[in-house]
Amino acid sequence: MMNVLSKIDADAARIVKVEHRLVRMPLAETILWGSGRRSGTTRLICRIETRDGGIGWGETISLIDNVPAVFAKIVAPLAVGYSVTDAERFHRHVLGAGYYHHKRAAVMAISALEAAMWDALGRRTGMPLWALWGGLWRDRVAASAYIFVNDPAKVAEAAKRFLDDGFETFKIKIGVSPESDLPLVEAVKTVAGARDVRADVNGAWTPGTARRQMAKLAPYDLAYVEQPLEMDDLAGHAELRKCQTVPIALDESAYTLSDVGNIVRAGAADVVLLDPHEAGGLWQVVKQAAVCESVGIPVTLHSGGELALSQAAYVHLAAAIPNMTLAIDTEQTYLADDIATDGPKLVRGGFAVPDRPGLGVEPDLDRLARYEADGISGAYLDPEKPGWFPMKPAY
């Protein structure tokens, strides 16, 4: 790889143009979860161009208004003049522009541009991204069946459909009420049998509720319970690991590289869910995974409604990272459409690994125009319940 990179003309690889837009992709089925109701996913899509005409595409999750604002006012202007080889330096430059105080306000905006840099570099070298990150560790990436229903009968129906489609891992959202937690898990386990089942609480439990609910969940032999407590409560998660046997996974607690370091130091998780959009880039996830690998912690990927560019990035990461041994989350089955026709497709509960240069995706310009949005809507809250908002913890 070093020989390939040494032949790159750094001046020709400098970014001269950055374009971006918001797209909102409708969902084929409304998603219900502990923080509200979603009927679509909003993503920021960017395209960069280098001095010699090379291009790169990137995508990031866009849940709140700081994402397009930080991208337009900080990320895009700073990117002009950067070589696409310098993703790490660019990430640090944005943080150094004042966002080291506000990492969580910047990481999603950084991620779109950083992915475009990697895509441009891969296209320039003729190599898929997994080849730039150490090579192919696995040639197929398993995905979990994601279930967003708060009715045991409907959960069982959804689980059966996923099972028939070839999924071997299932994930159910709980944390809506103490009465519904166990029936929802039981509905999935009844269908899934000995296959892995995960339950995501989204930080809805108090420490006391967590101890009680985990004891009740123990007989179901869950692969893990995700984010049972508030995201800042690493000490509580560490105690919860000690007092019961169900593995604990952390997601919202694990945005940045520093977050993951703190989780490991605290002994707060058995599994860590990573997300390049929440970490500030693809390379940051590679580093986060390595921190976890050093202490034997397996990792997987969180899903926030990825479209083709980000879904491809996920598959490249999972293909290259040894300790990403767990099925990755995906919401692809809920999308009404996509921004490209050549992105990774779910087949029998998994993704084939792309072998084309860069991300291996060419966005469809007509689809980008069709789904372009002028703002973010429907990310949180529930329009059918005016005045309602989620409490963390809720019970």
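The values are calculated or read from the model by the stated rules, or taken from the named source; none is laboratory data. These numbers come from a predicted model, not from an experiment. Please note: Cβ atoms are built from the backbone with ideal geometry, for glycine as well, and neighbour counts cover all protein chains shown.
A few remarks follow.
- Among the candidates ALA336, ALA352, ALA320, residue that is closer than 20 Å to SER111 by Cα and either buried (at least 17 other Cβ atoms within 10 Å of the Cβ) or of a type outside the set (Lys, Arg) (or both): ALA320
- On inspection, PRO363 fails the criterion of being in a loop (DSSP other than H, G, I, E, B), touching a residue at least 40 places away in the same chain (Cβ under 8 Å) and in contact with a His (Cβ under 8 Å, 6 or more places away or on another chain).
- For segment 34-62, taking the residues that are buried (at least 19 other Cβ atoms within 10 Å of the Cβ) and aliphatic (A, V, I, L, M), the one that is nearest to PRO178 (Cα to Cα) is identified as ILE61.
- Matching residues, segment 73-119, being touching a strand residue (DSSP E or B) at 6+ places or on another chain (Cβ under 7 Å) and surrounded by fewer than 19 Cβ atoms within 10 Å (Cβ to Cβ): VAL80, GLY81
- Positions within segment 8-37 being in contact with a helix residue (DSSP H, G or I) (Cβ under 9 Å, 6 or more places away or on another chain) and among the basic types (Lys, Arg), in sequence order: ARG21
- Test for VAL286: is it more than 18 Å from the chain's Cα centre (by Cα) and hydrophobic (A, V, I, L, M, F, W, C): no
- The set of residues in segment 6-33 that are closer than 16 Å to VAL84 by Cβ, surrounded by 14 or more Cβ atoms within 10 Å (Cβ to Cβ) and either at pLDDT below 80 or hydroxyl-bearing (Ser, Thr, Tyr) (or both) contains only ILE8.
- Across segment 200-222, the qualifying residues are those that are in a loop (DSSP other than H, G, I, E, B) and free of Cβ contacts under 8 Å to residues at least 60 places away in the same chain, and the one among them that is surrounded by the fewest Cβ atoms within 10 Å (Cβ to Cβ) is ASP221.
- Being in contact (Cβ under 8 Å) with a residue 24 or more places away in the chain and touching a Phe, Trp or Tyr at 6+ places or on another chain (Cβ under 6 Å) holds for only one residue in ALA106, ALA156, and it is ALA106.
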